[in-house]
1. Among the aspartates and glutamates, select those whose C-alpha is under 13 Å from the C-alpha of A:LYS180, and discard any that sit fewer than 8 residues away in the same chain.
2. Search the structure for amide H atoms under 5 Å from the amide H of A:VAL303, placed 1.01 Å from N in the peptide plane, and list their residues when 5 or more places away or on another chain.
3. Can you tally the net charge around B:MET120? Count Lys and Arg as +1, Asp and Glu as -1, for every other residue whose Cβ sits under 14 Å from the Cβ of B:MET120.
4. Identify all aspartates and glutamates with a Cα-Cα distance to A:LYS220 below 19 Å; exclude those on the same chain that are fewer than 8 residues away in sequence.
5. Give the share of C-alpha pairs in each 10 angstrom bin for the protein assembly as shown, from 0 to the last occupied bin, in whole percents, shortest bins first.
6. For segment A:6-122, what ratio Rg/Rh do Cα atoms give with a Kirkwood hydrodynamic radius?
7. Tell me what the protein assembly as shown gives for mean residue ellipticity at 222 nm when only DSSP H runs of n ≥ 4 count, each as -39,500 (n - 2.57), the sum divided by the residue total, rounded to 500 deg cm²/dmol.
8. Mean separation of Cα pairs under 8 Å and 6+ residues apart, divided by the residue count of segment A:6-122: what relative contact order is that in percent?
Amino acid sequence: MVAALSGSKLRARRMALGLRQGDVAQAAGLSASYLNLIEHNRRRVPQAVLARLASALNDTPEAFADGGGGAALDDLRAVALAWPTAELARADEFAQRFPGWAEAVLAMHQRSLAQEAAIAAVNDRMSHDPHLSANLHEVLSAVASVRSTSVILAETDDLEPEWQARFMRNLDQDTARLAKGAEALVRYLDSGGQIDAQGSASPQEEVEVWASGLDWQIAKADIPSALSAPARDMARALQGDVRADHASLPDAAFRAALAVHGPDPLAIANALNAAPFAAFRRLAFAPDLGLGLVACDGSGTLVLRRAVAGFSLPRFGAACPLWPLFTALAHPMQAIETVVEVGAASPNAPRFALRGFGMVSHPAGFGGPGLRRAMMLIIPAGAGAAPALGVGATCRTCQRTPCPARREPSILAGATVANSGPNSGPNSGL
Amino acid sequence: MAGQILLIEDEPNIAEAIRFLLGRDGWQVTVLTTGQGAIAEIARLGPQVVILDLMLPVRSGLQILTDIRADPATLDLPVLMLTAKGQERDREAAFAAGVSNFMTKPFDNNEMRAAVRALMGGT
């Protein structure tokens, strides 16, 4: 296995050649999302994959290999940093004297990270997924009816023919409903968050999976008929927004403004006399910039999510209240920027610059309500000595403690509610 | 006169089974399939026991229960909450709102009958 630093080299080479991530991924026989993880050093690169990527980038695998175990040592040090009792200064000695053990420690660490991510995803689904809840409710209701009715039929000796016929009909209905509900439930659980033909995923999820599969290049894409009807409506609306964004921020002008202002959506929007949210989307959906985006409505519900490696976004339910997205929602027309670090507190925690902006619209004029909406651009940032705000995705899977904004304890091992004193426990919000 | 029971349950087949079971025990069972008009029906019917589904169209079982407990006339009316949502937080919310008993679906017929008998005062 080649150590993680190869990802940065691959990304630099691709960008130097002016190639799109999706094109390189296709040439190497990978998914764009997998290459994205590799480029952001979130996945190790097997030698065979590295060879294909090197070929796609017209170079040799050696050009992207890390220098002889250095990255493995870096990884080992990162593990040691997370364990205060580990002898950090002796990581090199450990790796040299016990290479097999060192490899085992690293493998277990990687497995632990993967399991944490899986737990977070499953918990998110189980806790907040309205579709799963509705499916379970349907199945339980059918089971309740079947059980009660069948016991009546079995144990009532003098059941009148009319009642008997009625209950038999009910049983027939409920068993059919039960079979259908169970199938839907299995399909949904099997789908692992992906869309199925019956649209078990939420419409928003369907749209995001569709757009993500296209690396968010949806302006000219056909909207697949496999999407559910609500998802197709939402996809059309998003596609309309994206097309309008391209019209107000044409490629050449957008790139020129980006070169001057960097990923600053407000400066770009101002320079090109475009709507701020158009610039947010334009930046986030640019395939070569590696930026993420979340948008929320006035209730704080996330209505659009473009993930970026290293910054987890909750699939359902409430996000981290410390995100500047929500500050921007509460303070419309103000540019809110915060540098954050995510995940468990650690000197190596990934850092991001989060830029939030909120607006109020009045689609029904003076006679209607003001509708708030906010967006937050997620910009990967390099390591820095300056303090950064610790944030997470959502309290249930966030390991950061203490946290003044915590609503509930994390389910992940080692995370506890750190508030103390008379109001010990999650912030009541009152 | 048989004791009156108001059953508020949106699943028609479950409602039918409960109506049959309790009817065979001698109770007079009236069924409502939504939460709408529940309070007015309670006032009109004057039931001795209400069996209330938690998840109902229009108004939830918890909202109805809260209204029942807010009215001095029905402050002590026995209410059996019935729901497919058996999670502990639902149970806690129901008891906090003043429910008399709580059963999860799928339920045992005899336990249902016994629970109603107990709420009727053991008659």
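Values in this text are rule-based calculations from the coordinates and carry no lab data. Since the structure is predicted, the reported quantities are computational estimates derived from the model, not experimental observations. Neighbour counts run over all protein chains shown; Cβ positions are idealised from the backbone, glycine included.
1. Straight-line reach from A:LYS180, under 13 Å: A:GLU138, A:ASP172.
2. Residues meeting the amide H criterion: A:ALA295, A:CYS296, A:ASP297.
3. For residues surrounding B:MET120, the net value is 0.
4. The qualifying aspartates and glutamates are A:ASP23, A:GLU206, A:GLU208, A:ASP233, A:ASP241, A:ASP245, A:ASP251, A:ASP288.
5. 3, 14, 20, 21, 17, 12, 8, 4, 0, 0
6. 1.03
7. Value at 222 nm, helices only, nearest 500: -15000 deg cm²/dmol.
8. 20 percent
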